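A.B. asks: Okay, here's the structure, questions in a sec.
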Amino acid sequence: MTQDAGTARQRLSVADLEAWVRRSAELITEHAEELTDLDAAIGDADHGANMKRGLAAAVDTVGAGGFTAADALLKKVGTTLVSTVGGASGPLYGTFFLRTGSALAGQAGSDGLDAQTLADGLEAGVGGIAARGRATAGEKTMLDAWSPALEALRTHPDDLAAGVAAAARAAAEGRDATKPMVATKGRASYLGERSAGHIDPGAASTALLLAALDDVVAARTV
Ligand code: ADP
Ligand code: MG
């Protein structure tokens, strides 16, 4: 591998971010029924449909985009999700992408994002979810997948592929760990103790978004 290829491997380009959105849409579509079933158990059975609609709109947005900067692309994905996903998760995922984009303003350039810059951006996005949802980890929400994912990414500051792979694994573990939790935020909290015993649908969709990012990074040839 040449020096240039090695450097590129440690960075996430705008094209990679576009590929992330596309792969996310594929995985969400494949698993939409599963997400809806999870939401049927502790919510109102719309999470799969909500996410599928939102990601399809996001794919249209990036396809039409001609984006040259990560921040512009992510912010546009955010506004698209806010206006198309609906439910509680629309504003939350929308805020995530908007805040991540804002945090990365001016950082992306043509070089792309390295693991640390990506982690800084995602941290701002996850902070946006926590602020908007007035939630913290342990309340049986998507934050229970995002928080461990971010932590895992931070353990590989110099290795993007290892960090993203670890983040995807941590998100899946975080998703599974929501099963015994009692929800104290969102619609599932109306069920109180009866929310225990079911995986949180938002944590499941978050795990899919991180699996999509891992797929994109792992599949790159440079
Ligand atoms: P709704 O609950 O309005 O039907 P969705 O079904 O699309 O919306 O999304 C539900 C998911 O949103 C939950 O599984 C949870 O992960 C997430 N969620 C709901 N409320 C909050 C909150 N206050 N903070 C963080 N995440 C939340
Ligand atoms: Mg719902």
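A.B. asks: Which residue out of Gly197, Gly163, Gly202 is without any contact (Cβ under 8 Å) to a residue 40 or more places away in the chain and either of a type outside the set (A, V, I, L, M) or not in a helix (DSSP H, G or I) (or both)?
C.D. replies: Values: Gly163 fails: without any contact (Cβ under 8 Å) to a residue 40 or more places away in the chain; Gly202 fails: without any contact (Cβ under 8 Å) to a residue 40 or more places away in the chain.
Going through Gly197, Gly163, Gly202 in turn, the sole match is Gly197.
A.B. asks: Taking only the stretch 30-51 into account, find how many residues are more than 11 Å from ligand 1 (Cβ to nearest atom) and under 17 Å from the mean Cα position of the chain (by Cα). Outline the logic, then answer.
C.D. replies: Pass one, the stretch 30-51, residues more than 11 Å from ligand 1 (Cβ to nearest atom): 30-34, 37.
Filter again for under 17 Å from the mean Cα position of the chain (by Cα), leaving 30-32.
Residues in the stretch 30-51 being more than 11 Å from ligand 1 (Cβ to nearest atom) and under 17 Å from the mean Cα position of the chain (by Cα): 3 in total.
A.B. asks: Does Thr178 satisfy being of a type in the set (S, T, N, Q), out of contact with any helix residue (DSSP H, G or I) (no Cβ under 8 Å at 6 or more places or on another chain) and within 14 Å of Ile42 (Cβ to Cβ)?
C.D. replies: So Thr178 fails the test.
A.B. asks: Tell me, please, whether a residue that is within 16 Å of ligand 2 (Cβ to nearest atom) and of a type in the set (A, V, I, L, M, F, W, C) can be found in the stretch 64-80.
C.D. replies: Checking the stretch 64-80: not a single residue is within 16 Å of ligand 2 (Cβ to nearest atom) and of a type in the set (A, V, I, L, M, F, W, C).
A.B. asks: Can you tell which of Gly94, Gly101 is in contact with an Asp or Glu (Cβ under 8 Å, 6 or more places away or on another chain), crowded, with 20+ Cβ neighbours inside 10 Å and of a type in the set (Gly, Ala, Ser)?
C.D. replies: Numbers: Gly94 fails: in contact with an Asp or Glu (Cβ under 8 Å, 6 or more places away or on another chain).
Of the residues listed, the single one that is in contact with an Asp or Glu (Cβ under 8 Å, 6 or more places away or on another chain), crowded, with 20+ Cβ neighbours inside 10 Å and of a type in the set (Gly, Ala, Ser) is Gly101.
A.B. asks: For Thr141, indicate whether it is surrounded by fewer than 18 Cβ atoms within 10 Å (Cβ to Cβ) and among the β-branched types (Val, Ile, Thr). Walk me through it before giving the result.
C.D. replies: Values: surrounded by fewer than 18 Cβ atoms within 10 Å (Cβ to Cβ): no; among the β-branched types (Val, Ile, Thr): yes.
Criteria not met by Thr141.
A.B. asks: Could you list, in sequence order, all residues of the stretch 108-129 that are crowded, with 20+ Cβ neighbours inside 10 Å, within 16 Å of ligand 1 (Cβ to nearest atom) and either of a type in the set (Gly, Ala, Ser) or part of a loop (DSSP other than H, G, I, E, B) (or both)?
C.D. replies: Gly125, Gly128
All of the numbers you see were taken from the coordinates with simple rules; none came from a lab. None of the values given here were measured: they were computed from a predicted structure. FYI the Cβ positions are ideal-geometry reconstructions off the backbone, even for glycines, and counts take in every protein chain you see.
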